[in-house]
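Here is the structure we will look at.
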Amino acid sequence: MDPQEHIHIISAGDSIHKTYAAVLTDLRTITHTFIFAEKEIYTNSSRDDNKKRAWKCAIRDAIDEVNTLSLSRKISCALVSIDADTFDAIRDPVLGIFSEHPEARFSFDISAGSKRLSMGLFAMSLWVEGDSYYAFGSSPTRRVPVPTLPSRTLPANPHYLVILTILFRGQERGKEERTLMPKETLFNETKIWKIPVQDADEGAAMQELSLSGFSRLIAALMRWNLIREEQNPDHEQEKLYSITPDGELALFVYSARMKKRGVASTPGLS
């Protein structure tokens, strides 16, 4: 069993050869590709009109191109033909692959295929702890932002919100490149915020953030994929941080929840 295995599962459609090429640019570790296609794609029917016949041929051609591209990259590729009328028909093949590769990384491209097939694969991606990707039209391939923590966990320590807000506000608007903030700068800006802590004997007290406590907060936010850590190419010992798209979404969700409750000011967001 190879712990470096990376299983990529695709819902079949007539443009998957294009999105697959883009995914391979971003996900360079793929070792096995499985294309899930409904049996109808490979079934000719006298009831099909010319448009539907052309549609089926386009999907079959796209599948062939994915297979050819996979072989050129020495990635194994297999077609999984299913009857997607039921969730079980999607679930069972995915579980079969998972049982054969329990330690592998899983990713899913749910851009194409029928709604029921894409939704079924997305649901299974959550159960096997895989990442799902999508691309619509000519847009770049993006990962579906799925929370790695319950949304109610974030305000458990207001310093989480402070760190995310500092990184979010540090971004340059309109630019895709994310602003990177040195750890020392982020720590100094975070500890300016004095978070009140309720003490049974003394009542509310102001909590001073220690460097070790800050490091634990950073580790948790990274584990939840809310912030990203990079090494400064000019100073090897320096760590740089930026907020991820998931981190932005977590902030938006929290802010919306507080607005619904009528809270005008919250730590880190005021």
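Before moving on, here are some points about what is shown:
- Simple label model, 7 Å out from Cα along Cβ direction - residue 47 to residue 76, nm: 3.8 nm
- Rounded to the nearest 10 Å², the accessible area of residue 148 at probe 1.4 Å: 80 Å²
- J(HN,Hα) series, region 112-117, from Karplus relation 6.51 cos²θ - 1.76 cosθ + 1.60, nearest Hz, glycine and proline x: 10, x, 5, 4, 5, 5
- Nearest-10 value in Å² for the accessible area of residue 195, using the 1.4 Å probe: 10 Å²
- For residue 10, solvent-accessible area (1.4 Å; no DNA, RNA or ligand), Å²: 0 Å²
- Sequence ranges 231-242, 104-115, ranked by mean other-Cβ count within 10 angstrom, highest first: 104-115, 231-242
- Dipole axis of region 1-97 (+1 Lys, Arg; -1 Asp, Glu on Cβ), positive-most option in 35, 78, 62: 62
- Overall form of region 14-134 per C-alpha gyration tensor (a/c, 1.5; a/b vs b/c): oblate
- Region 75-135 shape via C-alpha gyration tensor axes, a/c threshold 1.5: rounded
- Among the listed pairs 115/239; 74/239; 18/239; 18/183; 18/51, those beyond 31 Å (Cα-Cα): 115/239; 74/239; 18/239; 18/183
The values are calculated or read from the model by the stated rules, or taken from the named source; none is laboratory data. Values in this document were obtained by computation on a predicted structure and should not be read as measured data. No Cβ is skipped: glycine too gets one built from the backbone with ideal geometry, and neighbour counts run over all protein chains shown. Just the protein is used for accessible areas: all its heavy atoms, side chains included, with ligands, DNA and RNA removed. Shrake-Rupley method; radii C 1.70, N 1.55, O 1.52, S 1.80 Å.
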